[in-house]
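Structure first, commentary second.
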Amino acid sequence: MSDPRDLIGASYAFPPAGMPRMGDNPEGTAVFTSAYAVLPAGTMRDIVTSMLPGWSNTRVWILARPLTGFAETFAQYAVEVGPGGGADSPEPDADAQAVLLVTDGEMHLSYDGLSHALSAGGYAYLPPGTGWQVSNPGDTDLRFHWIRKRWQAADGLEPPDPFVTTDKAEPIRWMPGTDDWGTTRFADPGDIRHDCHVNIVTFLPGGRIPFAETHVMEHGLYVLQGTARYLLNTDWVEVGPGDFMWLRAFCPQACIATGSEPFRYLLYKDVNRHPELSL
């Protein structure tokens, strides 16, 4: 039997697109509550895509956006760029930072006079004020996840530096006392300039969060690989590749990985800042 560790990063999920068969049952597992939301992969079809100003040959699924009673600190996109497509000025908000994770195809990323070629598992952090450009030089679609957040300034801190790396280049840091639950941390957790972290969390089959976590961080979770039972507030839900979850601050959560391959998700959370004292 193969070692599940050999399958870590074997695939990176993305919305399935297309359309379901017209005879399919429209009942689904999508959930939207005041504490959490679950957007299953099957909801991410052609008819719910958006186009963006300044982008050519591109469509996006907008999975989260600042909204009363929903995501408060970030927006999350799944972006599909056809051959030759892209943008010279992708980000319209000068205060926004970006995290990119490539799932398929080839990305040409440029900023500060530097050029990078990214493929599946490629990761980039771009601080506010960075003039970056992205294009698809290949002959197949480029697909990637894009998380946007306005950087929250603090006395004595400058924005972080940009960087490019890959999922496979960074170690999984296993939780104390376990070798089946760990986090790939792309930004240095000791670098307080970062006001959010976008990491990849990995559970081997049977791995779990053994208690109901509840804390101040807002979460966005996009399942990249594998399956699990996930506790959201008081409800256990079954999730798999391409499903998206949003958790409000303090929403209880736990996880039990199921199946025979690793369960992995891209995790956004806000960190390292005082809570605002007004709404």
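The values are calculated or read from the model by the stated rules, or taken from the named source; none is laboratory data. No experiment lies behind these values; they were computed from the predicted model shown. Neighbour counts run over all protein chains shown; Cβ positions are idealised from the backbone, glycine included. All accessible areas refer to the heavy atoms of the entire protein, side chains included, with ligands and DNA or RNA removed. Shrake-Rupley method; radii C 1.70, N 1.55, O 1.52, S 1.80 Å.
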Open item on the list: Over 5 Å intervals from 0, what percent of Cα-Cα pairs in region 124-184 sits in each interval?
Closed with: 3, 11, 15, 17, 17, 16, 12, 7, 2, 0
Task: Alpha carbon Rg of region 217-279, scaled by the compact-globule rule 2.2 N^0.38 Å - done: 1.25
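What ranking do 118-124, 166-172, 262-268 get when scored by the average of other Cβ atoms within 10 Å per residue, highest first?
Numbers: 118-124: 21.0, 166-172: 15.6, 262-268: 25.0.
My ranking of the peptides, most packed first, is 262-268, 118-124, 166-172.
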Open item on the list: Let me make sure I get this right: for the chain, a, b and c are the square roots of the gyration tensor eigenvalues over alpha carbons, sorted descending. Under 1.5 in a/c it's rounded, otherwise prolate if a/b > b/c, else oblate. Which is it?
Closed with: rounded
Open item on the list: Among 126-132, 196-202, how do they line up by average Cβ neighbours within 10 Å per residue, starting with the highest?
Closed with: 196-202, 126-132
Task: Gain on full stretching of the segment that runs from Leu279 to Trp174 - 0.36 nm per residue minus C-alpha separation - done: 34.2 nm
Open item on the list: Considering only protein heavy atoms and a probe of 1.4 Å, how much of the accessible area of region 3-52 is carbon and sulfur, as a whole percent?
Closed with: 58
Open item on the list: I need the per residue convex hull volume for region 120-279, using only the alpha carbons, in cubic angstrom as a whole number.
Closed with: 147
TODO: Output the relative contact order of the chain, whole-number percent, from Cα pairs under 8 angstrom with separation of 6+ residues.
DONE: 19
Open item on the list: Taking every pair of distinct Cα atoms and averaging 1/r, then inverting, what Kirkwood hydrodynamic radius in Å comes out for region 151-193?
Closed with: 12.7
Task: Solvent-free Debye scattering, log10 I(q)/I(0), computed from the Cα coordinates of region 155-243 at q = 0.23, 0.26 Å⁻¹ - done: -1.43, -1.58
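Rounded to two decimals, what is the ratio between the C-alpha radius of gyration of region 199-239 and 2.2 N^0.38 Å? Before the final figure, lay out the partial values.
Details: Rg = 10.8 Å, N = 41, 2.2 N^0.38 = 9.0 Å.
Cα Rg divided by the expected 2.2 N^0.38 Å: 1.20.
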Open item on the list: Keeping every protein chain present and rolling a 1.4 Å probe, give me the accessible area per residue for region 77-186 in Å².
Closed with: 44
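Looking only at Cα atoms, what is the convex hull volume of region 14-82 per residue, in Å³? Let's see the in-between values first.
Working: hull volume 7.3 nm³, N = 69.
Spelled out: Cα convex hull of region 14-82, divided by residues, is 106 Å³.
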TODO: Just need the relative contact order of region 141-219 here, percent rounded to a whole number, with Cα pairs under 8 Å and 6+ apart.
DONE: 23
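Under the Kirkwood approximation applied to all pairs of distinct alpha-carbon atoms, what is the hydrodynamic radius of region 18-157 in Å? Intermediate results must be reported in sequence, preceding the final value.
Working: mean 1/r = 0.0605 Å⁻¹.
The answer is 16.5 Å.
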TODO: Once you've got the GNM for the chain with C-alpha springs shorter than 10 Å, pick whichever of Glu218, Glu158, Glu91 has the biggest mean-square fluctuation.
DONE: Glu158
